[in-house]
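Visitor: I am attaching a structure below and will ask some questions about it afterwards.
The values are calculated or read from the model by the stated rules, or taken from the named source; none is laboratory data. The shown structure was predicted, so the numbers you read here are calculated from the model rather than taken from an experiment. Please note: Cβ atoms are built from the backbone with ideal geometry, for glycine as well, and neighbour counts cover all protein chains shown. Just the protein is used for accessible areas: all its heavy atoms, side chains included, with ligands, DNA and RNA removed. Shrake-Rupley method; radii C 1.70, N 1.55, O 1.52, S 1.80 Å.
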Amino acid sequence: MSDEEKGKHIVERKYVDDSRIIEPEKLEIGGIDVSGHWGTLVLPRTIEDFDNSMLKKVKSMPRGKNIEKCWQCGNCTAICPVAHAHPEFNPRYLIHIVKMGYSAEVEKLKDTVYFCSGCGLCSSVCPKGVDPQGVMIAMSIAFKSKKGYR
Amino acid sequence: MMYAIVDPSIFLSLNSIAILILALTIFSVILLFMRIRSWGVEFTPFSILTSTFTKDRFSKRVRILLNVSLRDIFFLRRAGAWCEENFHMYGRGVLMWGFTGLLIFSVIGYLFNTIFGHLSFFNPVNLLIALSQLLVFSGATMLLFRRLSRKNIRNSTDIHTWLLQLTFLLIGLSGFLSYILSLTGYMNFSYGFYIMYISSFVFFLVYYPFSELAFLVWKGSLLTTESLHEELAK
Amino acid sequence: MIEGNAVQLGKDEEIQLSKEDTKLFERLASERKAKLAMGTTEDYLKMLDKMRELEKKGEIIIHHVEEEYKPVGVRTLSGREKKIPTVELWQHKSCGQCGHIPGYISALYWIMAELGIPFVDDTNQTSCTAWNYYGSGASNSVALSAVFLRNMHVAWEKNAYPLIHCGTSYGDYKECRYLVVMNEDIRRRVRSILNKIGRDIVIPEELVHYSEWLHVMRQRIAERKKLDLSDVKAAVHPACHTYKLMAEDYTYDENILGGTRPAPTSSIILALGAKLVDYSTWYDCCGFGFRHILTEREIARSFAYFRKIRPVVKETGADVLVTHDTGCVTTLDKSQIVALAHGYKETIPVISDSQLSALAMGAHPFKVCQLQWHLADWKPFLEKMGIDWQKAQGEYKEYLEMIKKGGKPSFIRSPERTLSPRSEGMHDIKIAG
Amino acid sequence: MSSLPVLVIGAGPAGLRAATDLAELNIPVVLVERRKELGGAPIRWKYHSLAPDFTPTEEVLGPMIKFCKNSSNIEVIEEAVVEGYGGSAGDFSVKIRKINGEVQDRKVAAIIVATGFEHFDATVDPRYSYGKAPNVIGINELEVMISEGKVVGHDGKIPKRVAFIFCVGSRDRSTNPWCCTVCCGVSIKQAIELKQLLNDVQIYMIYMDIRTIGLWEKLYWDSMEKYGINYIRGRVGEVFYTGEKLLVKGEDTLVRGPFEVLFDMVVLAVGIEPGEGTKQVASALKLKVNEFGFLAPKIPNIHFDSGKEGIFLAGTCVAPMSVEESIAEGSAAAMQAAKLVSRTKIIV
């Protein structure tokens, strides 16, 4: 079932992430067909764990080692020319979710890391020497890594 | 004679250079492959070949691939679109165009040379090679100038970035100078720069799998493959 | 905060309490204060004072918890003592109760009959109309208050003390009482409505939820216990509308979970000798009270399962989830089914505290507690309590057959009342004018 | 030397410094301490080391304590409180009552009040389950554990995942509205020590703002860069004991998402409150108290000036502050007292 079709009976559908709705094509309870919205479930959005496996992977990359210095000031996003055009690409946020290990959020946003044009402005303004540009490289490799993160 | 003429063909014929470069290119491709594999990722730039050369809708695949790579990369739609200054974007563009030209025309030049004998200096192929070298030189200069002129960017630059850009600069500069000097008759200087040109190119081939360029090649091919799949899905 | 026995409420206000009360007051108030950041205890106590003032002026009648109702004192969150009447109760039923979980009310009546407590099961009761809470649109305050006072007046003229079964009615009435007492305009408009049906403003001194009644009766119920519950692990879901609307007025007890959770229901489980378990989402709604039960069933159902059922089962491994409101039992029970069909494994029977007490006292699981209405699997739970459900099911089938053949169904009847209805308050339900 | 002594109330960092300085100026001192031991909060709660440089507490307070005990200019009265006073600057008479009931009247020239603070009692705030759930401890308790070199849970297990919750009992309208200034730095210092002690522990700092003022900032940077300590911006709504672990319910405001994560240990950065001693001395000396319960200086920017001639204030009884600031304030108050003593001598 496509994402738009899922949970279309929920009145406030637009506030619910696609990934949180489970609505199988066919659902039966004791011989009674409850497919569609009768059988829809909406998963909670609570963060339940800090998974640091992704962070380890990023840190093992040559230019990703500085990720731990980040204190979330937002200078990188402020100056990033891509972020101004594409709000879904936010280097500060990517660094945070990888650092904390919010796996669902990483899963949702991991492809945005390829928006990075590699201009290096972020690294030039970072007050803590995180080298966000390098971290973005490390992340884009880590996200595709087979041993890393699923 | 005031200067000892060092004709490289004395110890290195054109053919042997070509063989050396070809061998090194293959070597460097293997290095690139190993380097990318060392990151632990599944995707390599060679995956682009496997996803293009399948029987299913082959011609459409090739068409999309050409379209995407030309538009997104060669004409800078994606590769340069979000550089915050035009200077930076064109620096990258000029370098890329020059380098691509250099590769293509060098191969053509070599083939012409082998088929038709030695080409004159004013042969259009040689001119195009020289122009490409000039472009590589200017592109690298632009990029280096940008990096050097701004203190914060200068301070946060990795040694590998310096090295890579410097290599490009050397390739462009030495190649172009070698050509100009041979026109004006300073053959020994020309030969000197020619050796420099070849050596820096050799260095480049061995070095680039370990530089940032490997990532750019990887990311570029990854994005191209993804756009290919996207277009196909439509 | 404390100067001797006086508790400072506002800038120039203080109330006198005994030393012990003062201590408890301060502790609870500070706990509450930290929980809600800005407590409303002050306003609540002011309202009670104002109520007595209005009575003195003759503006309203207060339905006092007289000695004849044999009251028992409990402590509310505000630290104040609340009188819970134990006999002669006017049963204020809940709208969804009879339709969804009839066992909840029949079990309560059965317990009262067993204990010899007279009660009035009046047909002359209206819905409190606070259903609107679930639609995110409480009806207008005058109408809500009028319905509240109308029901209270009926109880008063029957000379029985109202015992509210429904959490929503209970919460709504507490809020309406606050409005009627504190706002002269509402009072005036409500009175004109009530006068049209020949009634007047009668405000009960205490609004009492049936779970509070079970709380004070827990020792007497435990004495009558016929089953051993020591193997049973029970978790409690307190109903939001009972303890979050006018939170100051609900019962808390220092000896029950350190006074940090509402005391009723937890207390009855402890009194019956079962193991009480606590879980992390104890404060969360069952999923019913969101307006989603009306408009967003998918979300209500998911919330009930993922925020309540799953944590309870995973964290505690409880045998039963006990609660004290119609909506909660219904939602928690019925919402498990879809999740089970999806392949989730966690499931737990959900019953009301009255059903649990009645079962422990030896009530019939089907004739009285009507467990056949419950969807989640209650068989393992009954087995753990030592009830032979197969035998009981057989008996129930026979009973049904008997009725089908024209036999007489059995009813739960109230023991004889000792109080007679108020003569001066008798009105015909005729709309005057 | 015939001048009257100076009375110093409280033998914490500020009081000890004031007494030491005065004694070194050859001014006699009466040092009154409510407890049995000298040293105040750092000794009472067995602080292992002091922020920002991990200086052992002993190194900072040891010399002062030793000096005060041995100096012939200082008379130490332990387990005693000041109950009342009369007279005026230069010629006060004070009543000192010992715990055993013994009362002595003394003449003093000046009074320095350095009665210090208490840690916030987290049982007041039920959100954090302090006192109810095991393994929920205050920074003061953790400090003791670190001093003993053994950080374990109630069951003797070494914690694997520890949360520090900042601003407990501070910057919060329902408890204490002020900022305690030092808890951020102290918590971070402890987190680093914990990391050094238990190598593979994961530490999460749940904060609303990090206020590592001045040079303490280094602690904050080091904790991230050298020790990999994680920072979550947000507040905690509830700590729930599952019978095994502590479920911390909070929000990460940077991702705008609620989290419910299990921890082995929760450390509350309990704030600074004006202690019992401060309350007692305020009523005994009839000092002005500000809206927060701290002693109010005449001008908020000049801490030592109590507004009463001859009575000087120093340390955390005036406002929350670090040990280094307390020591400086002790010196400052001593200087004021010395000025007064020398002036009265000339007049006499």
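Visitor: Considering each of B:LEU164, B:LEU183, B:LEU177 in turn, give the residue that is closer than 24 Å to B:VAL29 by Cβ, of a type in the set (A, V, I, L, M) and touching a helix residue (DSSP H, G or I) at 6+ places or on another chain (Cβ under 9 Å).
Guide: B:LEU164
Visitor: So C:LYS226 ticks every box in (1) closer than 18 Å to C:ARG150 by Cβ; (2) assigned to a loop (DSSP other than H, G, I, E, B) but one. Which box is left unticked?
Guide: Of (1) closer than 18 Å to C:ARG150 by Cβ; (2) assigned to a loop (DSSP other than H, G, I, E, B), only one is false for C:LYS226: (1).
Visitor: Name, by its number, the condition in (1) closer than 23 Å to D:GLY257 by Cβ; (2) surrounded by fewer than 23 Cβ atoms within 10 Å (Cβ to Cβ); (3) within 10 Å of chain B (Cβ to nearest Cβ) that does not hold for A:TYR114.
Guide: (1)
Visitor: Continuing with the same structure: Which of the helices (runs of 4 or more DSSP H) contained wholly in segment C:334-418 include at least 3 residues that are over 23 Å from the mean Cα position of the chain (by Cα)?
Guide: Answer list for segment C:334-418: C:336-341, C:379-385, C:389-404.
Visitor: Tell me which of these A:VAL42 doesn't satisfy, since it passes every other one: (1) farther than 20 Å from D:GLY228 by Cβ; (2) more than 9 Å from every other protein chain (Cβ to nearest Cβ); (3) buried (at least 18 other Cβ atoms within 10 Å of the Cβ).
Guide: With respect to (1) farther than 20 Å from D:GLY228 by Cβ; (2) more than 9 Å from every other protein chain (Cβ to nearest Cβ); (3) buried (at least 18 other Cβ atoms within 10 Å of the Cβ), A:VAL42 is out only on (2).
Visitor: Can you tell me which residue in segment C:259-275 is surrounded by the fewest Cβ atoms within 10 Å (Cβ to Cβ), limited to those that are over 16 Å from C:ARG75 (Cβ atoms) and out of contact with any strand residue (DSSP E or B) (no Cβ under 6 Å at 6 or more places or on another chain)?
Guide: The residue in question is C:GLY273.
Visitor: I'd like the full set of residues that are in contact with a helix residue (DSSP H, G or I) (Cβ under 6 Å, 6 or more places away or on another chain), open to solvent by 10 Å² or more (accessible area, probe 1.4 Å) and more than 9 Å from chain A (Cβ to nearest Cβ), limited to segment B:36-46.
Guide: B:PRO45
Visitor: Give segment D:55-94 a look and list any residue that's open to solvent by less than 70 Å² (accessible area, probe 1.4 Å), touching a Leu at 6+ places or on another chain (Cβ under 9 Å) and not aliphatic (A, V, I, L, M), or say none.
Guide: Selection gives D:PRO56, D:THR57, D:PHE67, D:CYS68, D:ASN73, D:GLU78, D:GLY84, D:TYR85, D:GLY90, D:PHE92.
Visitor: Say whether the condition of being closer than 30 Å to C:GLY317 by Cα and either open to solvent by 20 Å² or more (accessible area, probe 1.4 Å) or of a type outside the set (Lys, Arg) (or both) is met by at least one residue in segment D:205-213.
Guide: no
Visitor: With the condition kept exactly as written, say whether any residue in segment B:205-226 is modelled with pLDDT under 90, buried (at least 16 other Cβ atoms within 10 Å of the Cβ) and outside any helix (DSSP H, G or I).
Guide: Within segment B:205-226, one or more residues are modelled with pLDDT under 90, buried (at least 16 other Cβ atoms within 10 Å of the Cβ) and outside any helix (DSSP H, G or I).
Visitor: Could you figure out which of (1) under 16 Å from the mean Cα position of the chain (by Cα); (2) open to solvent by 20 Å² or more (accessible area, probe 1.4 Å); (3) within 12 Å of chain D (Cβ to nearest Cβ) isn't true of A:LYS57?
Guide: Single failed check for A:LYS57: (3).
Visitor: Oh, and also: Quick check on my filter: what residues within segment A:20-53 are of a type in the set (Ser, Thr, Tyr) and out of contact with any helix residue (DSSP H, G or I) (no Cβ under 7 Å at 6 or more places or on another chain)?
Guide: Correct list: A:SER35, A:THR46, A:SER53.
Visitor: How many of the residues making up segment D:115-132 are open to solvent by less than 10 Å² (accessible area, probe 1.4 Å) and either under 30 Å from D:ILE311 (Cα atoms) or among the hydrophobic types (A, V, I, L, M, F, W, C) (or both)?
Guide: 1
Visitor: Going through segment A:64-101 one residue at a time, which ones are within 14 Å of chain B (Cβ to nearest Cβ), farther than 23 Å from B:ARG78 by Cα and more than 18 Å from the chain's Cα centre (by Cα)?
Guide: A:LYS65, A:ASN66, A:LYS69, A:ASN75
Visitor: For D:VAL103, work out the one condition from (1) more than 28 Å from D:MET321 (Cα to Cα); (2) at pLDDT 95 or above it doesn't fulfil.
Guide: If we test D:VAL103 against (1) more than 28 Å from D:MET321 (Cα to Cα); (2) at pLDDT 95 or above, just (2) comes out false.
Visitor: Spot the failing condition for A:LEU109; the list is (1) under 24 Å from B:LEU143 (Cα atoms); (2) in a helix (DSSP H, G or I); (3) within 14 Å of chain D (Cβ to nearest Cβ), and only one is missed.
Guide: (1) is the only condition that A:LEU109 fails.
Visitor: Taking the options D:ARG44, D:ARG35, name whichever one is surrounded by fewer than 22 Cβ atoms within 10 Å (Cβ to Cβ) and without any contact (Cβ under 8 Å) to a residue 40 or more places away in the chain.
Guide: D:ARG44
Visitor: Looking at D:ILE213, D:ILE112, D:ILE165, D:ILE188, which one is in the same structural domain as D:SER49 (by TED's automatic domain parsing), in contact (Cβ under 8 Å) with a residue 24 or more places away in the chain and within 19 Å of the chain's Cα centre (by Cα)?
Guide: Of D:ILE213, D:ILE112, D:ILE165, D:ILE188, the one residue that is in the same structural domain as D:SER49 (by TED's automatic domain parsing), in contact (Cβ under 8 Å) with a residue 24 or more places away in the chain and within 19 Å of the chain's Cα centre (by Cα) is D:ILE112.
Visitor: Of the residues that sit in segment D:177-204 and are away from chain A (no Cβ under 14 Å) and in a loop (DSSP other than H, G, I, E, B), which one is surrounded by the fewest Cβ atoms within 10 Å (Cβ to Cβ)?
Guide: Going through the qualifying residues, I end up with D:ASN199.
Visitor: What residue, of C:ARG291, C:ARG297, C:ARG310, is farther than 21 Å from C:THR41 by Cβ, without any contact (Cβ under 8 Å) to a residue 24 or more places away in the chain and within 13 Å of chain A (Cβ to nearest Cβ)?
Guide: Going through C:ARG291, C:ARG297, C:ARG310 in turn, the sole match is C:ARG297.
Visitor: Please go through segment D:222-280 and give me each residue that is part of a loop (DSSP other than H, G, I, E, B), closer than 27 Å to D:GLY156 by Cα and at the interface with chain A (Cβ under 10 Å from one of its Cβ atoms), ordered by number.
Guide: D:TYR227, D:GLY228, D:ILE229
Visitor: Quick check on segment B:137-155. Is at least one of its residues touching a residue at least 12 places away in the same chain (Cβ under 8 Å), farther than 30 Å from A:ILE141 by Cα and open to solvent by 50 Å² or more (accessible area, probe 1.4 Å)?
Guide: Yes, the conditions are met somewhere in segment B:137-155.
Visitor: Under the condition of being of a type outside the set (A, V, I, L, M) and either assigned to a loop (DSSP other than H, G, I, E, B) or at pLDDT 95 or above (or both), which residue from segment D:205-215 is nearest to D:PHE259 (Cα to Cα)?
Guide: D:TYR207
Visitor: Also: For segment A:141-148, check the following and say yes or no: at least one residue is crowded, with 21+ Cβ neighbours inside 10 Å, touching a residue at least 60 places away in the same chain (Cβ under 8 Å), of a type in the set (D, E, K, R) and not in a helix (DSSP H, G or I).
Guide: No, segment A:141-148 contains no residue that is crowded, with 21+ Cβ neighbours inside 10 Å, touching a residue at least 60 places away in the same chain (Cβ under 8 Å), of a type in the set (D, E, K, R) and not in a helix (DSSP H, G or I).
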